[in-house]
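One structure is given here, and the rest of the page talks about it.
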Amino acid sequence: MNAIHNLVAPHPEWMRLHYLDMLADQGIDPSDMGGPGQSFPTTEKKTVNLSSQQNVAVTFDPNADHAVTQSMQTAFNEIVGSMKDLTSLNISATTNGHVVGSNHEIGDAVDINWMNGVHISSSGKGLEMAKSLEAAAMANPNIRFVEGPIGNFVRTEPGGKWFTSPFLGKSNFTHVHFDVFPKK
């Protein structure tokens, strides 16, 4: 019998996750690569900036751009304002370092990697922080897609039902991503 008959092709899910992990290793956010994080055209421009609020200090990674759409700023402010024990957070990405035309690049998405001095992660206090942020984002009717250590979730209309979305690789464990429905 030919040895080729005994070979088993890699499982498609393993191949997809391996590819997404390779993207993450290169600093590329897999949510930019189509699927649940794909870009939707918007009529809005990046005309406003995310900033600190009354009780929450907002900082940015050195390469993070502050400019976003009004829809993203409004949703961000509502989400941050709804979190009772939040005193600080760090934004690792808005429009920087993402694929041209992605929801990040057009100003409709944000990545948060630190909250109250704790790095978002898949265990301990970092997981608790991720859980509270993902829940707050999902409670906002204008959020379309949420990605993070708790899971990935998407909906098709503002205020609509949430559906689980495919795992996008290990970058899910380092930050919480959310994006808004685009203006038409």
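General remarks:
- Residue in region 144-163 that is buried (at least 18 other Cβ atoms within 10 Å of the Cβ), closer than 21 Å to residue 43 by Cβ, touching a Ser or Thr at 6+ places or on another chain (Cβ under 9 Å) and not acidic (Asp, Glu) present: yes
- The number of residues in region 40-56 being of a type outside the set (D, E, K, R), over 19 Å from the mean Cα position of the chain (by Cα) and at pLDDT below 80 comes to 1.
- Boolean, residue 59 is more than 16 Å from the chain's Cα centre (by Cα), modelled with pLDDT of 50 or more, surrounded by fewer than 16 Cβ atoms within 10 Å (Cβ to Cβ) and not in a loop (DSSP other than H, G, I, E, B): yes
- Scanning region 139-149 for residues that are over 12 Å from the mean Cα position of the chain (by Cα) and over 17 Å from residue 183 (Cα atoms) yields a single hit, 139.
- Verdict on residue 132 being surrounded by fewer than 16 Cβ atoms within 10 Å (Cβ to Cβ) and not aromatic (Phe, Trp, Tyr): no
- Qualifying positions in region 62-88 - surrounded by fewer than 16 Cβ atoms within 10 Å (Cβ to Cβ) and of a type in the set (Gly, Ala, Ser): 81, 82, 88
- Within region 125-184, tally of residues that are assigned to a loop (DSSP other than H, G, I, E, B), of a type in the set (A, V, I, L, M) and under 22 Å from residue 70 (Cα atoms): 1
The values are calculated or read from the model by the stated rules, or taken from the named source; none is laboratory data. All values derive from a computational prediction rather than experimental measurement. Counting neighbours? That spans all protein chains shown, and the Cβs are built from the backbone with ideal geometry, glycine included.
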